[in-house]
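Each value in this text was obtained by applying a stated rule to the coordinates, not by laboratory testing. Source: prediction; values computed, not measured. Cβ sites come from the backbone with ideal geometry, for glycine too, and all protein chains shown count toward neighbours.
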Amino acid sequence: MRIAFLQDIWDEIQGTLILAEILERQGHDVRFFLQERGWWRKLVAFAPEMAAIHCTSLNVGWVLAVSSRLKELPAPPLVVLGGAHPTFAPEIVEHPAVDAVCRGEGELGFPELVNRCRAGELPTDVPNFRVKAGGVVHDNPLGPLVRDLDSHPIPRRSLYMDYPFLGNSPTKRVITGRGCPFSCTFCANRKYRELYRGLGPYVRRRSVGHVMEELQYLARAWNTRVFDFSDDIFTLDKKWFAEFVDTYSRDLRLPYFVISHARHMDEEVVEGLAASGCFCVLFGVESGSPRVREEIMKKNLDEEDIVRCAALLRKHGIQYKTQNVLGMPTETLEEAFETVRVNRRIKPWYPCASIAQPYPGTRLLDMSRDMGLLTGDPVGRSFYGSSVIAHPDARALANLQRLFYAAVRWPGAEPLIRRLIRLPPNRAFDLFHQFTFGWHVKKRNRYGFTHSLRMYLKYLGQFD
């Protein structure tokens, strides 16, 4: 079959890469189509028999608009959605332009769906899929999780060759495992675990050998100079991590950055990161208020854990970035400034803040609804935009999110910032946030000026 994978973000989507590799090896004609000037003409010329679209709660509007447009073609393809939003809001299959949605992981079910479609039928009984046929929606149970992640092929990424912005990027994203054991209310991991209860271990890891095979391929074939390990918690398994450090230090040792958790960082781990070439770690502060962090976010993290983690990273010369969330239910403006205070105390390389959005699949959505705080539909809203959680200080919190970098880095400016955040939201605050965010990404990914400018123009829509 001719299968088109469509995406509106200019980034590597790991699940899409694996699915495309599996289907190519099975003999299907697979192409990637990223939204850009002239992309629709190329898509129509390809005449796909199936369009697979990555769907998040952020890009639902774009997904449904593109799906509707596809159905207007003389030979409309089957439209299949996958990603977090169809997993937790599978009723999207009822939209007239959508034929099927995948819930959860698709590496087993999606190839089966495609191969049976090639044989001339739209199967209605494939595990993990909700399929609409003849106006009737067929809901199927989830199949087991893939226990052995090494069974997934290493994607060659050749389908990105038509997009030099991604193909020529010095940084490549890699995921070494799946799953997170924590239950933060603003994240969907708890709901994922509930969804897959009894169907296999949720937290899994590829072998070090399998990961190294991919890294060496990327370094050799794509001239990769920096690796972005996007696991939820890279240092979760200390035994695995020790083996990785030993192998990576010996066989590759290119610069890399990771995401971790302050409670999973100790002297031994940080020494291993530094010795093997890690130059940046992202970890969550989330909130400086103990009440918000523990009672509302369920973060299970003390301030002293945060301070200790930052001190260890600083001691071993590793830069660190913090993730913070403003606008949680019942959070006050003064509690938001507690988050500023904690970040000032630990002095991160880049303090990043987002606005709480109660997306489907999060306990935050249930909490906001139960407390009567929802003011609208979070679907389609960015976590860099305005929240649908009611707050008496909603405008000030949104402005503080835009000016968070300044509030942390320039303590003397706090009186001015407290006055500025009372102003109506405006383009100047948005541009300040976009510039500081983009400058950090440029430095972290080792981008040149031209690549950085193109990155800014392509990612601009994420802030709207």
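Of the residues Asn300, Tyr320, Gly438, the one whose Cα sits farthest toward the positive end of the charge dipole of the chain, with +1 on the Cβ of Lys and Arg and -1 on the Cβ of Asp and Glu, is Gly438. Among beta bridges from DSSP that stay inside the range 2-139, the antiparallel ones total about 30%. Considering only DSSP beta bridges with both partners in the chain, what is the antiparallel share in %, to the nearest 5? In the chain, approximately 20 percent of DSSP beta bridges are antiparallel ones. With the Cα gyration tensor of the range 136-267 giving a ≥ b ≥ c as the square roots of its eigenvalues, does the rule (a/c under 1.5 for rounded; else a/b larger than b/c for prolate; else oblate) give rounded, prolate or oblate? Since a/c reaches 1.5 but b/c is at least a/b, the shape of the range 136-267 is classed as oblate.
Which of the lysines could a cross-linker span from Lys299 if the Cα-Cα distance has to be under 26 Å and same-chain partners fewer than 8 positions apart are dropped? In chain and number order, the partners are Lys191, Lys238, Lys239, Lys315, Lys321, Lys347.
Pop the C-beta distance of Glu194 and Asp150 into the FRET formula with R0 = 30 Å and round what comes out to the nearest 0.05. Efficiency for this residue pair is about 0.70.
Each Lys and Arg contributes +1 and each Asp and Glu -1, all at the Cβ; summed about the Cα centre of the chain, the dipole is approximately 1340 debye. With R₀ set to 30 Å, the beta-carbon distance separating Leu416 from Thr332 gives a calculated FRET efficiency near 0.90.
Rounded, prolate or oblate: which fits the range 2-139 when a ≥ b ≥ c are the square roots of the eigenvalues of the alpha-carbon gyration tensor, with rounded for a/c under 1.5 and prolate only if a/b beats b/c? Rounded is the answer for the range 2-139, as its axis ratio a/c remains below 1.5. Over the residues of the chain, the helix contribution to mean residue ellipticity at 222 nm works out to -11500 deg cm²/dmol, using -39500 (n - 2.57) for each DSSP H run of at least 4.
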